[in-house]
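*Asks:* To start, I am sharing the structure in question, which I have written as structure tokens.
The values are calculated or read from the model by the stated rules, or taken from the named source; none is laboratory data. These numbers were taken from a predicted model, which means no experiment stands behind them. FYI the Cβ positions are ideal-geometry reconstructions off the backbone, even for glycines, and counts take in every protein chain you see.
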Amino acid sequence: MLAIGQLETATPEVDASEAADLGGLAIQNMLLTAHAMGFGCRVDQRKALKSAAFCGTLFRWNRVSKALCFINIGTPHKMKPARQRPAVESYVTVLADD
């Protein structure tokens with residue numbers, strides 16, 4: 001997928017940086033959902049984003065908006081080994097009430 005953001009919004013209440021932040025949050029939610037469903041996913045921002053021929057032809061993108069990133073979701077060939085996670089007690093403390 002190609003994530004495209006229209007950073008110059010039609011409403012004066014939302015500025016360009018807020019629109020970009022909201023786009024990032026939407027992309028993060030898509031990645032979290034895909035991961036929770038067992039898919040592999042990642043965001044990619046390579047040279048292809050700057051290629052008018054690639055983005056314009058493949059995605060019919062007219063460059064009025066800004067291409068933010070590619071979102072890759074699929075089935076992984078192999079799973080990463082599970083990491084050893086620290087015990088909660090090793091990094092959380094409780095303040096005692098005197």
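*Asks:* Name the residues in segment 28-60 that are exposed (fewer than 10 other Cβ atoms within 10 Å of the Cβ), among the small types (G, A, S) and part of a helix (DSSP H, G or I), would you?
*Replies:* Those that are exposed (fewer than 10 other Cβ atoms within 10 Å of the Cβ), among the small types (G, A, S) and part of a helix (DSSP H, G or I): A36, A52, A53.
*Asks:* Being in a helix (DSSP H, G or I) and either at negative phi or surrounded by 10 or more Cβ atoms within 10 Å (Cβ to Cβ) (or both) is the requirement here; does Q84 meet it? Before you say what the answer is, go through the steps one by one.
*Replies:* Values: in a helix (DSSP H, G or I): no; either at negative phi or surrounded by 10 or more Cβ atoms within 10 Å (Cβ to Cβ) (or both): yes.
In short, no.
*Asks:* What is the residue count in segment 1-27 for residues that are outside any helix (DSSP H, G or I) and without any contact (Cβ under 8 Å) to a residue 24 or more places away in the chain?
*Replies:* From segment 1-27, those outside any helix (DSSP H, G or I) are 1-15; that's our starting set.
Restricting the remaining residues to those that are without any contact (Cβ under 8 Å) to a residue 24 or more places away in the chain gives 8-15.
So the answer is 8.
*Asks:* Could I ask something else about it? Find all pairs meeting these conditions: Cβ atoms under 6 angstrom apart; at least six residues apart or on different chains; first residue within segment 76-98 and modelled with pLDDT of 80 or more and of a type outside the set (F, W, Y); second residue outside any loop (DSSP other than H, G, I, E, B) and surrounded by 10 or more Cβ atoms within 10 Å (Cβ to Cβ).
*Replies:* If the second residue must be outside any loop (DSSP other than H, G, I, E, B) and surrounded by 10 or more Cβ atoms within 10 Å (Cβ to Cβ), the pairs left are P76/G40.
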